[in-house]
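The values are calculated or read from the model by the stated rules, or taken from the named source; none is laboratory data. For clarity, every value in this text was computed on a predicted model and none was experimentally measured. As a convention, Cβ positions derive from the backbone with ideal geometry for all residues, glycine included, and neighbour counts pool all protein chains shown.
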């Protein structure tokens, strides 16, 4: 493995993936200020040499250091690296059970976009729809697991505008 990572460019890409599992190609290029084609070449090389692995869903291929993260964590990280999804999750962490209308007031997207993301989160078993009386609201299904992933992998760290959100959440 050391020979594969001797090249400085490859080492930088590997280190970034190691620090930010689930990061995608264009974000790697942006952070490292490298051409996308150059990063893609090295990612393919690292994958071919079984140093990293990837998952592809919804148009994005996300990268991980091989053997470092379990399948369930990868699935959660894959979705938590999406800005709107992360906003929803962080809002639900602060507000135990919230109806669609309240989430919509706090996550600035269209009603249909919010519904799309909420259904996606339900399908991935990250949130669930609870009924209380005649009302219904969304809540995080396994709060401790999601918090653990947020603390361990900090998916918000590389998203623009999310630098201070974790601090705000824990206060």
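Of note:
- Residue in segment 102-120 that is assigned by TED's automatic domain parsing to the domain that holds residue 152 and within 29 Å of residue 47 (Cα to Cα) present: yes
- All of (1) under 12 Å from the mean Cα position of the chain (by Cα); (2) buried (at least 21 other Cβ atoms within 10 Å of the Cβ); (3) part of a helix (DSSP H, G or I) hold for residue 75 with one exception: (2).
- You will find that of 79, 51, the residue that is assigned by TED's automatic domain parsing to the domain that holds residue 125 and in contact (Cβ under 8 Å) with a residue 24 or more places away in the chain is 79 and no other.
- Subset of segment 62-76 [touching a helix residue (DSSP H, G or I) at 6+ places or on another chain (Cβ under 9 Å) and under 24 Å from residue 4 (Cβ atoms)]: 62, 63, 64, 65, 66, 68, 69
- Of the listed requirements (1) more than 15 Å from residue 138 (Cα to Cα); (2) within 17 Å of the chain's Cα centre (by Cα), residue 87 misses just one: (1).
- Flag if residue 5 is more than 30 Å from residue 137 (Cβ to Cβ), part of a loop (DSSP other than H, G, I, E, B) and either out of contact with any strand residue (DSSP E or B) (no Cβ under 9 Å at 6 or more places or on another chain) or modelled with pLDDT of 90 or more (or both): yes
- Just one of the listed residues (145, 125) is at pLDDT 90 or above, surrounded by fewer than 13 Cβ atoms within 10 Å (Cβ to Cβ) and either part of a helix (DSSP H, G or I) or at positive phi (or both), and it is 125.
- From 41, 64, residue being assigned to a strand (DSSP E or B) and either at positive phi or without any contact (Cβ under 8 Å) to a residue 60 or more places away in the chain (or both): 64
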